[in-house]
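Written out below as structure tokens is the structure these notes cover.
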Amino acid sequence: MASIEDKRNSPFNSFLIDDPTPNNSRITITNEESPTICISCQQDLRLCPSKILACLHSVCMQCLDKQKNCFYLGTIYTCSACSHKSRSDTICDNLFATEETDTSGLSPHCSNCEEGNMADWYCNNCADWLCTQCKNAHSRVRITKDHIVTQKSAEEARQIRGIPSDTEKLLCQIHKEELARNFCQDCQILTCDECQITLHKNHRYLFIDEALLNQKTNLQSLVTKVRDIRLMLNKIQTTRNQQKSDIDQTEHQVIDDIKLFGINMIAEISKACKQLINDTSTICDQARTQFTEKNTRFEQYLQNIDHSLDFVSEALTTGSKTALLTSNRVMSKRLDHLLHQNAIWSKPVNPFQLTFSPYDPKNIRSTITSLGTLVQNGKKKINNNRSIFMEEQTNGIDPRKLNKYTSQLTTTDKSEHDIQPAILLDTSDDFCAVCRCGGELVCCDECPRVYHVDCHVPSLNEVSMNDKWKCGLCCEINNSTGPLKRKHDDTTDKLPSVEKQICEKLILQMYTHPSSAPFHQPVPADCIGYHKIITRPMDLRTIKEKIKSYGNMSEFLADVRLMFQNCSTFNRPESEIGKSGRTLSKAFEEWLEKYYLNSQIPIPDRTNKRKKTSIQMIDHVS
């Protein structure tokens, strides 16, 4: 029970879903979001009229009026549970709350599979309800292959399960006395025979039982796909929930690393200070030794002078004439020697000077910052969101072009106390403009867009990168190669230079458009029904790869318009992908006219206009 309560408090509290293990993979709607309970006031909708919003939440009419917002485009209703905005034409009556019959009797669940799929097949021998998959498996098993398995309608299901039949007849809204037995496929409403002949003439229609079977089959297929996606998202949800603890753990780890780095830095600084102290002691010891030696010789010189003066003075006053004349030469030579030595010792003594010159305190902050950086998702950051230039080369690209939040610190010619740093902050995006992913990105110097080397059109491995680089969307189309200069001239190109520039710019423009995501890659081969309907698939990646093989501009335009034609053929007009295709197609035609007008060359005729078919399929990438 604890695990179930945790899931109810999760962001996906509309459902309870576990891993695909026995008896735990069933998606269940909580009581608070039941079709018979108002999502706002929680009252029983079986007692009052109600509506179903586009988000499939049920709401009473009183609460619906409170959620009403009028705009110039129409009336919008905002769901109080999920904040989804629903137009008035996307809201329908909540007939689930007005029916008295138990819904479990109308739609039995499969008694064999663990997913609890809706069952419309019944085995007379086993008395079990089976879904389509279990029915096929039931027919293949040797023990049960001879059993009689038949498909049952809703009325037959009521009879088998002993549930009273619904006696209420569906009457036409226009012809009150006529029974609504038809379903108009074009208008998506129930009609009587009279309406089908008059108001819905030439419309496609089915009998109500046949329409119900088709709709149930379609909804069961969609439910299976959504359930598979939900199971996959459940694992992603577990990973995302783990992300918070990973952030906390990473924070503690990085803080510990920084502290350890600080301790090591303090230890290294201490070692450096101790070395400076030892060097100071050595220098002073050497100076002290030299001073002692010189001072000893100086004291000896003074003693020699005093002795010589005393001796000569004594000889002059008390010595005989013979002794004075005999030693005169020795005494004169000694005194002359002392006079010559005076030139050495009478020089001024240079004072001993030793000072410590520390690092400029004004540069300590930048020096400390350069000792270590923080790396987040491949980007190196430093304090105050300032960045450093990378020394590495990436795919031959100048590292200054990489999106590393590059900044520059400059000083002005002012006084020492009036130096102001000028910081140039990087305003580039954090994700590639094409694939919307991070990593090693190249920045455009004209716009905030950034690109992977291979995402840009043409690939940045094929062009030369200047100090002032501009992306393909910022370059002007001209007869010269312009800023996107190729490293090697490709002689295999069939398109003229100007037309090739237009094609590349149109492809890059479509890649970066918000509605182009469904068209980036080819449709997978396992897409049900797509390759039976679409015989010539086309996508942006294929067009990008064929850019060198186009003989003229008309071939390029034919493939682009074929891509949009495939989209409108396979997808419903009101589907999200259908709307994206129309939006991107309209933008493409505007870009095409603009670039051809700027380049002053004629626009090729549209050679790929085809008649639209009425085939409408489930939403998928075209």
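Please treat every number below as a calculation from the coordinates, not as lab data. Note that the structure is a prediction, hence the values are computed from the model and not measured. Reconstructed Cβ throughout: ideal geometry from the backbone, glycine too, with neighbour counts over all protein chains shown.
Each label was represented as a point 7 Å from its Cα along the Cα-to-Cβ direction; for Ser270 and Ser221 these points are 7.4 nm apart. Summed over all non-identical Cα pairs, the Kirkwood treatment of segment 247-345 gives a radius of 19.7 Å. Note on segment 490-599: semi-axes of the ellipsoid equivalent to its C-alpha gyration tensor, largest first and rounded to whole Å, are 25, 17, 11.
Cα centroids of segment 268-314 and segment 521-538: 97 Å apart.
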